[in-house]
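Notes to accompany the following structure.
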Amino acid sequence: MTRTLGAEHLPVLARGFSWLGGGGGGNTLTLELILGQRRPWPLTVHGVHELDPGTPAVAVGYAGSTYLMTERLPDAALFAPLLAAAERWTGTRAHAVCSIEGGGMNGLTPLLLAPGLALVDADLTGRALPRFDQMTLFVDEVPGLVACVSTGAGGVCVIEASRSADVESLVRAAVVCAGGVGPVLIAGFTVGQLAEHAITGGLERALELGGVDPSGAPRAVAAAIGGRHVGGGRVESVTPGALDPYASSALMVDDDGAVLRLVSHTEFLAVQRDGELVASAPEVIVCLDASSNDILEVHGIHPARRVEVFALPAPAWWSASPQRLLHVTPAAYGVRGLETKEEPCNTL
């Protein structure tokens with residue numbers, strides 16, 4: 001469904017993509033402020049079925065440390081050399097743009113390139129995910145994909161690889177060359193392919209989530225977001241993973257006395273209640289500060305903080321096949337034992 005997006009929608013959209021970050025994806029505030037000042041509003045958002053299916057498209061976003069985005073501000077000009085390189089490599093001029101990641105700050109990133117390119121309501125994750133080999137086009141092994149990434153100082157690395165793991169490794173190497181964060185563009189696909197090989201309607205979903213008042217009773221908030229309230233309470237401790245520096249486990253005591261265990265990586269991955277698994281990726285697990293109602297990132301979970309924990313259903317695309325689902329369970333992060341309630345938890 002085509003819709004008009006005005007500058008007044010930005011705060012709502014940004015908060016919605018924060019919900020879909022599930023503790024990751026980066027803070028949306030910087031990009032929200034930049035877009036509010038620099039974009040020619042309003043913008044038109046197109047559904048995937050409203051454009052010619054043969055329309056060449058690109059997906060854009062930022063990779064690397066989101067903390068550095070406060071020092072290296074996002075700008076549409078940073079994508080220009082990537083777009084030019086992709087068009088030279090593919091021999092095709094792009095006419096549409098979507099996001100590489102449907103959660104966190106990258107949910108907003110394609111707005112930087114609109115209205116120069118038609119803005120399509122589609123993305124390659126449906127939530128925040130950390131790796132390129134987890135993106136839908138690569139999961140489905142769509143042929144002919146090209147990834148272009150900045151190497152800094154005006155350099156561009158063009159990657160065409162048959163293995164998605166190679167794309168992930170080479171993009172990360174280029175981002176290191178660029179100083180730890182940089183723009184990424186994926187090309188070599190059409191709008192028609194997004195209908196089958198991408199998550200659609202994520203922008204519309206973000207607008208719905210962002211419009212929910214988070215200050216109500218947790219069960220009422222859960223009903224409004226179409227999810228579940230899985231618990232809440234005071235964080236008692238946070239323990240880092242023994243083998244993985246990105247993994248951690250937070251313990252909190254619910255108001256009813258139950259012990260909650262929140263397992264995190266780059267995003268929140270699972271919640272156990274008195275040892276029983278009650279939520280697990282690809283569900284989007286979201287933590288709100290109980291006092292401010294701020295949506296928290298993983299690093300915001302610390303002792304003495306009171307939080308409420310919610311679980312949003314994952315996009316149905318991921319559960320459409322076992323092969324797809326394997327890319328987004330906790331095991332895909334290297335965290336074992338949290339895929340089913342029957343499996344023991346021996347992750348940290």
task: Would you mind telling me which numbered condition in (1) modelled with pLDDT under 95; (2) surrounded by fewer than 13 Cβ atoms within 10 Å (Cβ to Cβ) Ala320 fails?
output: (1)
- prompt: Is it the case that the stretch 141-153 has a residue that's surrounded by fewer than 19 Cβ atoms within 10 Å (Cβ to Cβ), more than 19 Å from Ala59 (Cβ to Cβ) and not hydroxyl-bearing (Ser, Thr, Tyr)?
  reply: yes
- line: For strands (runs of 3 or more DSSP E) lying entirely in the stretch 1-88, having 1 or more residues that are exposed (fewer than 14 other Cβ atoms within 10 Å of the Cβ) picks out 3-5, 43-46
query: If the Cβ limit is 7 Å and pairs must be 6+ apart or interchain, which residue in the stretch 267-280 that is crowded, with 24+ Cβ neighbours inside 10 Å pairs with which residue that is of a type in the set (Phe, Trp, Tyr)?
result: Leu269/Tyr333
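Looking only at the stretch 301-317, count every residue that is open to solvent by 10 Å² or more (accessible area, probe 1.4 Å), under 20 Å from Phe17 (Cβ atoms) and not in a helix (DSSP H, G or I) and tell me the total.
So in the stretch 301-317, the residues open to solvent by 10 Å² or more (accessible area, probe 1.4 Å) come out as 301-306, 308, 313-317.
Okay, now just the ones that are also under 20 Å from Phe17 (Cβ atoms), so 301, 308, 313-317.
Checking the rest, the ones that are also not in a helix (DSSP H, G or I) come to 301, 308, 313-315.
Adding up the residues that qualify gives 5.
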- line: From the option list Val238, Val221, Val298, Val263, single residue qualifying as under 26 Å from Ser65 (Cα atoms) and open to solvent by less than 10 Å² (accessible area, probe 1.4 Å) is Val263
- request: Starting from the stretch 219-239, keep only residues that are without any contact (Cβ under 8 Å) to a residue 24 or more places away in the chain, then list their pairs with residues that are not in a strand (DSSP E or B) whose Cβ atoms are within a distance under 7 Å, requiring at least 6 positions of separation or different chains.
  value: Ala224/Val212
message: Consider the stretch 7-30. How many of its residues are among the hydrophobic types (A, V, I, L, M, F, W, C) and under 24 Å from Ala314 (Cβ atoms)?
response: 6
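The values are calculated or read from the model by the stated rules, or taken from the named source; none is laboratory data. Worth saying up front: this structure is predicted, and the values here are computed from it rather than measured. Every residue, glycine as well, gets a Cβ built from its backbone with ideal geometry; the counts of neighbours run over all protein chains shown. Ligands, DNA and RNA are excluded from the accessible area calculation, which covers all protein heavy atoms including side chains. Shrake-Rupley method; radii C 1.70, N 1.55, O 1.52, S 1.80 Å.
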